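First up is the structure itself, then whatever we jot down about it.
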Amino acid sequence: MASRFALGLSLLLQVSGALAVGPSAPPVQELVVATVNNDHMLTLQRMTRHFEQQAPGWRVRWVTMDEDRLRQAVTRDAATQSAQFDVVTVGSYEAQAWGDKGWLRALTPSADYRLQDILPRVREALTQGGQLHALPFYGESTMTMVRTDLLQAAGLSLPAQPTWQQVAEAARQLHQPAQGVYGICLRGKPGWGQNMALISIMANTHGGQWFNMRWQPQLQSAAWQQALSLYADLLTRFGPPGAAANGYNENLALFAAGRCAIWVDATVAGNFLNQPDGSQVVGKVAYLQAPVASTPRGARWLWVWALAVPAQSRHPAMAQRFIEWATSVGYAQLVATERGWQAVPGGTRRSTYLQPGYRQANPHADVELTAMDAADQTRPTEPPSPYIGIQWVGIPEFQSIGTAVGQLASRLLPPHPLDVATVQARAQALTEGKMRRSGYLKD
């Protein structure tokens with residue numbers, strides 16, 4: 001009897017143990033995404049749970065950095081093919097320069113992606129050698145933002161397409177530092193995608209270019225002298241203290257807090273300046289085209305923050321599935337439903353601008369679309385240039401050249417500014433040296 005009880009108990013324990021353990025759950029696979037710490041990308045992170053619900057067994061892990069650190073990290077990862085990331089956030093510069101090197105996978109979106117809905121300039125910006133190398137998350141050009149209440153109080157006005165001289169005069173008259181309002185905010189933080197993005201379009205619209213058709217640097221031209229002098233004068237006389245430390249994010253915070261009368265920067269800023277929970281200037285901003293000087297060519301930049309799949313991605317199929325979801329019409333509708341049309345990324349799809357809700361929530365929409373359609377990176381300057389790119393030059397060497405020149409340009413600003421001629425001479429010399437060592441220039 002006891003032996004039978006023992007046998008029964010043993011069987012019961014075995015069955016119970018088997019039921020308790022059960023079949024092992026499949027391991028969760030991880031998709032690692034490197035991105036920039038701006039508002040649209042942070043919204044994407046919050047929305048990722050919807051993608052994970054559609055992809056059982058997968059989890060998205062985000063690696064978020066500021067713009068400069070992101071560029072360094074993804075460049076290093078792509079160049080060394082270390083496969084740290086399955087998806088990387090890149091710009092139109094990287095899509096051109098890296099696509100040619102084979103660092104990014106060529107993409108053929110699925111049939112329901114609606115590729116033709118993407119703005120033509122944006123598709124061109126992400127296409128190299130006839131192949132698409134990234135999908136656009138949001139795009140931007142340049143515009144002028146000005147406080148209408150301050151203009152009205154001063155009895156001033158600016159046209160829909162102002163000149164740099166008109167902007168400078170308005171900045172002078174609106175500069176009220178004693179009241180905590182500065183005449184103008186511009187990018188001062190050094191970097192090829194920071195201060196040099198703005199300075200490059202200022203040089204373009206004054207008739208300048210980075211290189212002539214023989215790849216000879218043109219940084220000591222009259223156009224660059226005019227642009228650099230104007231830039232230094234505006235920020236030194238009418239800009240906020242410590243302007244050399246301010247990039248896009250810092251100036252967005254200043255303008256949204258009512259500290260700047262005029263701001264010339266990315267059109268994407270309009271998405272955030274009209275949000276009452278983060279902006280004190282809602283309903284007090286006029287959105288105008290980017291300022292021009294002697295020519296409108298190259299006066300506005302074209303930039304696309306896009307998602308790409310590195311050549312060494314561990315999960316290329318799931319990576320492409322993710323970036324198609326994140327850049328789709330469906331994602332825009334999802335964000336509009338959960339967070340409102342003001343949070344929907346712009347600058348990529350024509351259909352977005354046809355939505356009444358988007359246009360109502362984003363008063364800058366028409367200005368942005370006009371600027372995006374007009375920004376031609378295949379002919380960026382008035383004199384013929386050998387490169388693609390408006391605020392950047394589509395060669396691998398530009399990343400280091402632009403950063404080095406940006407460091408010099410930041411020294412035009414307080415507390416110990418250099419004179420413009422000295423900055424031009426040093427910028428010309430270092431750029432010539434780099435281009436000679438890279439084989440573009442011959443003795």
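Arrange the residues Asp265, Asp419, Asp373 by how much accessible surface each exposes, largest first, with a 1.4 angstrom probe.
Asp419, Asp373, Asp265
On the basis of the beta-carbon distance and an R0 of 35 Å, Gln360 and Met213 show a calculated FRET efficiency of 0.15. Once the C-beta distance of Ala83 and Ser351 is scaled by a Förster radius of 30 Å, the resulting FRET efficiency is 0.30 to the nearest 0.05. Here the simple spin-label model places points 7 Å from the Cα toward Cβ, and for Ala253 and Gln275 these points are separated by 1.5 nm. Taken over the chain, the convex hull of the Cα atoms encloses 186 Å³ per residue. Rounded to the nearest 20, the Cβ-based charge dipole of the chain about its Cα centre (Lys and Arg +1, Asp and Glu -1) stands at 520 debye. Add -39500 (n - 2.57) for each DSSP H run of 4 or more in the chain, then divide by its residues: what number comes out at 222 nm, to the nearest 500 deg cm²/dmol? Mean residue ellipticity at 222 nm (helix-derived): -13500 deg cm²/dmol.
Averaging Cα coordinates gives a centre for the stretch 171-190 and one for the stretch 227-285; these two points are 8 Å apart.
The length gained by stretching the chain between Ala245 and Ala106 to full extension, at 0.36 nm per residue less their Cα-Cα distance, is 46.3 nm. Across the chain, the relative contact order, built from alpha-carbon pairs under 8 Å that are at least six residues apart, equals 24 percent. Ordered from highest to lowest accessible area with the whole protein assembly present and a 1.4 Å probe, His133, His315 read as His315, His133. FRET efficiency for the pair Asp149 and Asp233, taken as 1/(1 + (r/R0)^6) with r the Cβ-Cβ distance and R0 = 25 Å, rounds to 0.45.
Pairs of lysines in the chain whose Cα atoms sit within less than 26 Å of one another amount to 4, provided the residues are eight or more positions apart or on different chains.
Could you tell me the distance between the Cα centroids of the stretch 389-422 and the stretch 315-373, to the nearest Å? Measuring centre to centre over Cα atoms gives 33 Å.
The values are calculated or read from the model by the stated rules, or taken from the named source; none is laboratory data. Remember, predicted model here, so these are calculated numbers, not experimental data. Here Cβ is always computed from backbone atoms with ideal geometry, including for glycine, and neighbour counts include all displayed protein chains. For the accessible areas, the whole protein counts, side chains as well, though only heavy atoms, and no ligand, DNA or RNA atoms are used. Shrake-Rupley method; radii C 1.70, N 1.55, O 1.52, S 1.80 Å.
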